[in-house]
Amino acid sequence: MAAGIFGIGIGDAGGGGFADGGSANGFGGSGNSNGSGAGQGISEEVFRYRREKMVATQIRARGIVSPELLAALEKVPRHLFVPEAERHAAYDDAPAAIGEGQTISQPYIVAMMTSLIDPHRGDRVLEVGTGSGYQAAILAELVNEVFTIEIVEPLGRRAARLLQDLGYTNVHMRIGDGHLGWPEAAPFDAIVVTAAPERIPDRLESQLASGGRLVIPVGGHDQLLVLVTRTAGGFRRENVAPVRFVPMTGEGEKGR
């Protein structure tokens, strides 16, 4: 793969399945990168109102109260991460289709997974499964650096362009197998995985800093969201909630 595309560099390794995925042609529509061209005649003012309502009724009302996280969710234009034809539903309490049979995760799931890693401004965070780029954008509002990996090259390149256009200079991207993580950038203060492996990849756990947190859906038909914390004595695992994500793909699955 080509390296160093944009300030958001696309490298040649790492990557993963994607729950927050997109399609190579799913973003048809405005082609506008600055938030205008909302699609279907909906104004940016209306989208801003819907975003604020989403945060109030779907996120804050369910117990997520971090001011920084709520501010990030109110700021990031979620509708730009879905195709124009689906933008009317971008702030619904549900996943939204973004093409190729994929979806952008329900807003509350994005908020919950972000909350579980307890992000801080100086953190360096790895995301496995860039997909549309929405989760990476939320993280970029909250931490120092985001390293994000996507296994489907057209999805990763599309997300990289959008993130660059939105001004996220603290996001680094590469295309490849997310089971491998990003070893040369490790250790990470937190890792967020947006696709479900059958079991937690050892390589990802090994790339956590001491005290670092990994949030990951695990399983096949029946999945659980798991929070892993690296301690002085090893790894502590907590089951959080039943979830449904797409399977995590990649050759790394075979070698664990």
Checking the conditions here, which among GLY35, GLY7, GLY11, GLY31 is modelled with pLDDT under 50, touching a Ser or Thr at 6+ places or on another chain (Cβ under 9 Å) and not charged (D, E, K, R)?
GLY7
Can you pull out every residue in the stretch 92-113 that is modelled with pLDDT of 90 or more and either under 16 Å from the mean Cα position of the chain (by Cα) or under 15 Å from THR194 (Cα atoms) (or both)?
ALA94, SER105, GLN106, PRO107, TYR108, ILE109, VAL110, ALA111, MET112, MET113
THR114 is checked against (1) outside any helix (DSSP H, G or I); (2) within 20 Å of TRP182 (Cβ to Cβ); (3) β-branched (Val, Ile, Thr) and fails just one. What number does that condition carry?
(1)
Sole residue being under 14 Å from the mean Cα position of the chain (by Cα) and modelled with pLDDT of 95 or more, chosen from VAL226, VAL171, VAL218
VAL171
From the list LEU208, LEU214, LEU204, LEU224, exactly one residue is under 24 Å from ALA111 (Cβ atoms), surrounded by fewer than 18 Cβ atoms within 10 Å (Cβ to Cβ) and aliphatic (A, V, I, L, M). Which is it?
LEU224
Looking at the stretch 98-111, which of the residues that are in contact (Cβ under 8 Å) with a residue 60 or more places away in the chain and not in a loop (DSSP other than H, G, I, E, B) is nearest to ASP189 (Cα to Cα)?
VAL110
Filter the stretch 77-92 for residues that are under 16 Å from GLN58 (Cβ atoms), small (Gly, Ala, Ser) and surrounded by fewer than 22 Cβ atoms within 10 Å (Cβ to Cβ) and give the result.
ALA89
So, in the stretch 56-67, exactly how many residues are surrounded by 12 or more Cβ atoms within 10 Å (Cβ to Cβ) and within 13 Å of GLU141 (Cβ to Cβ)?
1
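The values are calculated or read from the model by the stated rules, or taken from the named source; none is laboratory data. As the structure is a computational prediction, the values presented were derived from the model and not from experiment. For neighbour counting, all protein chains shown are included, and Cβ atoms are generated from backbone atoms with ideal geometry for every residue, glycine included.
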